[in-house]
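The values are calculated or read from the model by the stated rules, or taken from the named source; none is laboratory data. Treat the numbers as computed from the prediction; the structure is a model and nothing was measured. FYI the Cβ positions are ideal-geometry reconstructions off the backbone, even for glycines, and counts take in every protein chain you see.
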Number of protein chains: 2
Amino acid sequence: MLDMSPRARESIENADVIVGYNTYVQLVSELLTDKKIIGTGMMQEIERCQSAVDQALAGKKVAVISSGDPGVYGMAGLVLELAMKYEAAIRPEVIIIPGISAVGASAAVLGAPLMHDFAVISLSDLLTPWDVIRKRVEMAAAGDFVIALYNPKSKRRTSQIREVREIVLKHRTAATPVGIVHHATREGENMVISNLNDFTQEFIDMFSLVIIGNSQTYVQENRMITPRGYKL
Amino acid sequence: MLDMSPRARESIENADVIVGYNTYVQLVSELLTDKKIIGTGMMQEIERCQSAVDQALAGKKVAVISSGDPGVYGMAGLVLELAMKYEAAIRPEVIIIPGISAVGASAAVLGAPLMHDFAVISLSDLLTPWDVIRKRVEMAAAGDFVIALYNPKSKRRTSQIREVREIVLKHRTAATPVGIVHHATREGENMVISNLNDFTQEFIDMFSLVIIGNSQTYVQENRMITPRGYKL
């Protein structure tokens, strides 16, 4: 928990009820000794956030736990959307506490790949049509953005990352650096620096974050660096 | 300092020498009572980071302070680039400690605008040709990315934000929500939610971060929300 802000920690310590995906609840179990805990499994986002709203409506102080930054593909939006369904007189107050995002944590592990403009794209097509995602990859590649990929690959979903490779190869060289970070800042953290031609052969799963460099990104001493443009 | 991670705080506490932009050094002055401090002004990034490397070469433990996340338009890359100029035997070890980025902090103040794919673009043309930046804005607009703008406007540089407005208006409606956050999580924090047609009339400066919604972003009760796509 060396990367959890004091504000996030205090909000957990001050809460009566903790709501979250079981895996994330376990990561902060030492803070939860006297709390009511509502843990849910994967894919139960709506039930999870509704139960948080229900507890708040019942007068409890509730902390909803996301990993990384709750505002980046996390639970912040869903909690707000569900709370907004209640009229102002009874609507629970929602406070979003930012955190260190997976993309920021992964970048730090790789070196400094986000020193210039970047695009963040989730490859999960559960809630977004693949055509929309693919177009974003094309635009990000054409714009020479550094590209960070959340949810790059799952057991079921393996073709998308290969398609991303093909799209970006139309705009950048095969040697373009690609970093893959697994479990950034957690137990089992691991990173690999590959290139655009070969990176899909590396181990990639839903706990991986992939960062594709822009046309200026280089690797030196196993650090991935996107220069900001200073003349050195 | 409620948003500074324990890891960042410890690294400052354990350092002999603190290097940073004067304004940022002042933000953590209470941690610096027994430290050597090398503060520099704006635009002195190379001198600043070289002095950090020099101190490390002289055997000191050095902490370089950025605001937000040092890995996002911060000093991480420049420190690494300068350190790499020394041969491995004497090269100082560089550890990047991630932080809560300005875009993440601003998103939390606005609500949940980053629940879907987003592009981060700096409008500063000091180190990047405006043509490159403009193309990125065009690609991000065409890809329906939420667009976060760093360094949106300075006293000298006022036309770029108006040009961004014109480009994005070709792809999104005039009513598209635009959030402007000033001094996110700091003293004087302030936020305004406007729209694509009108936002350039709001106060915007180099301490502002601007977030332009995608085609699905909406405003309710003065919160800016980009839905992830759940059917509620």
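State all residues of region B:205-223 that are of a type in the set (A, V, I, L, M) and either surrounded by fewer than 22 Cβ atoms within 10 Å (Cβ to Cβ) or not assigned by TED's automatic domain parsing to the domain that holds residue B:154 (or both); if no residue qualifies, say none.
Matches in region B:205-223: B:206, B:219.
Scan region A:81-101 for residues that are in contact (Cβ under 8 Å) with a residue 40 or more places away in the chain and either more than 10 Å from chain B (Cβ to nearest Cβ) or surrounded by fewer than 15 Cβ atoms within 10 Å (Cβ to Cβ) (or both) and report the count.
Qualifying residue count, region A:81-101: 1.
Here's the yes/no breakdown for (1) at positive phi; (2) of a type in the set (Gly, Ala, Ser); (3) not assigned by TED's automatic domain parsing to the domain that holds residue B:148:
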residue	(1), (2), (3)
B:17	no, no, yes
B:34	no, no, yes
B:37	no, no, yes
B:51	no, yes, yes
B:68	yes, yes, yes
B:90	no, no, yes
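Residue A:2 is checked against (1) surrounded by 16 or more Cβ atoms within 10 Å (Cβ to Cβ); (2) touching a helix residue (DSSP H, G or I) at 6+ places or on another chain (Cβ under 7 Å); (3) closer than 25 Å to residue A:206 by Cβ; (4) within 14 Å of chain B (Cβ to nearest Cβ) and fails just one. What number does that condition carry?
Condition not satisfied by residue A:2: (1).
Going by the structure shown, is residue A:16 away from chain B (no Cβ under 14 Å) and in contact with a Lys or Arg (Cβ under 6 Å, 6 or more places away or on another chain)?
yes
Report yes if residue A:78 is more than 17 Å from residue B:228 (Cα to Cα) and assigned by TED's automatic domain parsing to the domain that holds residue A:21, otherwise no.
No.
Within region A:117-124, can one find any residue that is of a type in the set (Gly, Ala, Ser), modelled with pLDDT under 95 and either more than 15 Å from the chain's Cα centre (by Cα) or outside the structural domain of residue A:68 (by TED's automatic domain parsing) (or both)?
no
When you check residue B:133 against the structure, is it over 27 Å from residue A:7 (Cα atoms), away from chain A (no Cβ under 14 Å) and without any contact (Cβ under 8 Å) to a residue 60 or more places away in the chain, yes or no?
When the stated conditions are applied, residue B:133 does not pass them.
So is residue A:74 on the phi < 0 side of the Ramachandran plot, small (Gly, Ala, Ser) and at the interface with chain B (Cβ under 7 Å from one of its Cβ atoms) or not?
Working: on the phi < 0 side of the Ramachandran plot: yes; small (Gly, Ala, Ser): yes; at the interface with chain B (Cβ under 7 Å from one of its Cβ atoms): no.
Taking the combined requirement at face value, the residue does not satisfy it.
Cβ contacts < 7 Å: first residue in contact (Cβ under 8 Å) with a residue 40 or more places away in the chain, restricted to region A:150-162; second residue part of a loop (DSSP other than H, G, I, E, B) and among the β-branched types (Val, Ile, Thr), any location; separation 6+ or different chain. Result?
Hits for this filter: A:152/A:204; A:153/A:204; A:161/A:204.
Being among the β-branched types (Val, Ile, Thr), more than 10 Å from chain A (Cβ to nearest Cβ) and either part of a helix (DSSP H, G or I) or touching a Leu at 6+ places or on another chain (Cβ under 8 Å) (or both): is that true of residue B:46 here?
Values: among the β-branched types (Val, Ile, Thr): yes; more than 10 Å from chain A (Cβ to nearest Cβ): no; either part of a helix (DSSP H, G or I) or touching a Leu at 6+ places or on another chain (Cβ under 8 Å) (or both): yes.
In short, no.
If you go through region B:204-232, how many residues are over 18 Å from the mean Cα position of the chain (by Cα), of a type in the set (A, V, I, L, M, F, W, C) and at pLDDT 95 or above?
3
From the list B:111, B:179, exactly one residue is on the phi > 0 side of the Ramachandran plot and surrounded by 18 or more Cβ atoms within 10 Å (Cβ to Cβ). Which is it?
Values: B:179 fails: on the phi > 0 side of the Ramachandran plot.
Within the list B:111, B:179, the selection yields B:111.
Have a look at B:144, B:117, B:125 and point out the one that is within 29 Å of residue B:45 (Cα to Cα) and among the acidic types (Asp, Glu).
Values: B:144 fails: within 29 Å of residue B:45 (Cα to Cα); B:117 fails: within 29 Å of residue B:45 (Cα to Cα).
Only one candidate passes the filter, namely B:125.
Looking only at region B:16-37, how many residues end up being surrounded by 14 or more Cβ atoms within 10 Å (Cβ to Cβ) and in a loop (DSSP other than H, G, I, E, B)?
Summing the residues that are surrounded by 14 or more Cβ atoms within 10 Å (Cβ to Cβ) and in a loop (DSSP other than H, G, I, E, B) in region B:16-37 gives 4.
Checking residue A:63 against (1) within 10 Å of another protein chain (Cβ to nearest Cβ); (2) outside any loop (DSSP other than H, G, I, E, B): exactly one of these is not met. Which one?
Status for residue A:63: all satisfied but (1).
Could you grab me the full set of residues in region B:200-232 that are in a loop (DSSP other than H, G, I, E, B) and in contact with a helix residue (DSSP H, G or I) (Cβ under 8 Å, 6 or more places away or on another chain)?
B:204, B:226, B:227, B:228, B:230, B:232
Of A:112, A:107, which residue is at the interface with chain B (Cβ under 7 Å from one of its Cβ atoms), over 15 Å from residue A:216 (Cα atoms), among the aliphatic types (A, V, I, L, M) and in contact with a Leu (Cβ under 9 Å, 6 or more places away or on another chain)? Full working, then the answer.
Numbers: A:112 fails: over 15 Å from residue A:216 (Cα atoms).
Being at the interface with chain B (Cβ under 7 Å from one of its Cβ atoms), over 15 Å from residue A:216 (Cα atoms), among the aliphatic types (A, V, I, L, M) and in contact with a Leu (Cβ under 9 Å, 6 or more places away or on another chain) holds for just one of A:112, A:107, which is A:107.
Within region A:136-167, count every residue that is hydrophobic (A, V, I, L, M, F, W, C), under 19 Å from the mean Cα position of the chain (by Cα) and more than 8 Å from chain B (Cβ to nearest Cβ).
Total meeting the criteria: 7.
Quick check, is residue B:55 touching a residue at least 12 places away in the same chain (Cβ under 8 Å), within 11 Å of another protein chain (Cβ to nearest Cβ) and farther than 21 Å from residue B:128 by Cα? Steps first, answer last, please.
Values: touching a residue at least 12 places away in the same chain (Cβ under 8 Å): yes; within 11 Å of another protein chain (Cβ to nearest Cβ): no; farther than 21 Å from residue B:128 by Cα: yes.
The answer is no for residue B:55.
Considering B:20, B:77, B:39, B:104, which residue is under 20 Å from residue A:185 (Cα atoms) and in contact with a helix residue (DSSP H, G or I) (Cβ under 8 Å, 6 or more places away or on another chain)?
Values: B:20 fails: under 20 Å from residue A:185 (Cα atoms); B:77 fails: in contact with a helix residue (DSSP H, G or I) (Cβ under 8 Å, 6 or more places away or on another chain); B:39 fails: under 20 Å from residue A:185 (Cα atoms).
Checking each option against the conditions leaves just B:104.
Name the helices (runs of 4 or more DSSP H) wholly within region B:89-199 that hold at least 3 residues that are out of contact with any Phe, Trp or Tyr (no Cβ under 7 Å at 6 or more places or on another chain) and farther than 22 Å from residue A:77 by Cα?
By residue number, B:130-142, B:159-169.
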